[in-house]
Amino acid sequence: MTRTFISEPILPDQESLDPRRMAYGEPGLPKKFIWRDEKFIITKVVAQWKEYGDCKHGSGERYLRKHSYRLQTKDGTLLRVYFQRSFGKAKSTRTRWWLHSIEK
């Protein structure tokens, strides 16, 4: 398999969100994504992890910054996607789901 670094926004299919994850404070991981007019149908969560970061104001606290996933699609492609939790003051205008890389 060849891994290609992408680092672009990816559009989740809002109708395919998994609300069960939201009950645990996680994003509702969609079962479908669209990137550059290509639709990806997710069949399996291969791995998931969280990334934390220090407070930017020096308080010593740590905050959850990203929920990352390695996902397998219907055709066997592997996607690494992440959900970015914080953006500072412009939260509502920023993309939250990002495609990190694709393995085909």
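The values are calculated or read from the model by the stated rules, or taken from the named source; none is laboratory data. Predicted, not measured: the structure shown is a model, and the values here were computed from it. Here Cβ is always computed from backbone atoms with ideal geometry, including for glycine, and neighbour counts include all displayed protein chains. Ligands, DNA and RNA are stripped out before the accessible areas are found, and what is left, the full protein with its side chains, is counted by its heavy atoms. Shrake-Rupley method; radii C 1.70, N 1.55, O 1.52, S 1.80 Å.
Leaving out ligands and nucleic acids, note down the accessible area per residue over the chain with a 1.4 angstrom probe, in whole Å². Each step should come with its number before you reach the end.
Numbers: 6970 Å² over 104 residues.
On a per-residue basis, the chain sits at 67 Å².
Contact order normalised by length for the chain, with contacts defined as Cα pairs under 8 Å and 6 or more residues apart; what percent is it?
Relative contact order for the chain comes out at 29 percent.
Dipole size in debye (nearest 20) for the chain around its Cα centre, Lys and Arg Cβ +1, Asp and Glu Cβ -1?
Computed charge dipole of the chain: roughly 180 debye.
Report Thr2's accessible area, 1.4 Å probe, all protein chains in place, as a number in Å² to the nearest 10.
For Thr2, the solvent-accessible surface is approximately 90 Å².
Top mean-square fluctuation among Gly60, Gly28, Gly76, Gaussian network model of the chain, C-alpha springs under 10 Å?
Comparing Gly60, Gly28, Gly76 in a Gaussian network model of the chain, the most mobile one is Gly60.
Leaving out ligands, DNA and RNA but keeping every protein chain, what accessible area does Leu17 have, in Å² rounded to the nearest 10, with a 1.4 Å probe?
50
Could you check how much of the accessible area of the chain is carbon and sulfur, as a whole percent, using a 1.4 Å probe?
49
Pick the calculated mean projected area of the Cα convex hull in nm² for this structure from (i) 7.6; (ii) 10.5; (iii) 9.8?
The value computed from this structure is option (i).
Using a simple spin-label model with points 7 Å from Cα along the Cα→Cβ vector, what separation in nm is obtained for Arg65 and Glu8?
Here the modelled spin labels are 2.4 nm apart.
Over the heavy atoms of Lys32, what accessible area does a 1.4 Å probe trace out, to the nearest 10 Å²?
Its accessible surface works out to 70 Å², give or take rounding.
Within the chain, what's the longest run with no chymotrypsin sites (Phe, Trp or Tyr not before Pro) in a DSSP loop and at most 13 other beta-carbon atoms within 10 Å? Give the range, please.
My reading of the result: 25-86 is the longest stretch.
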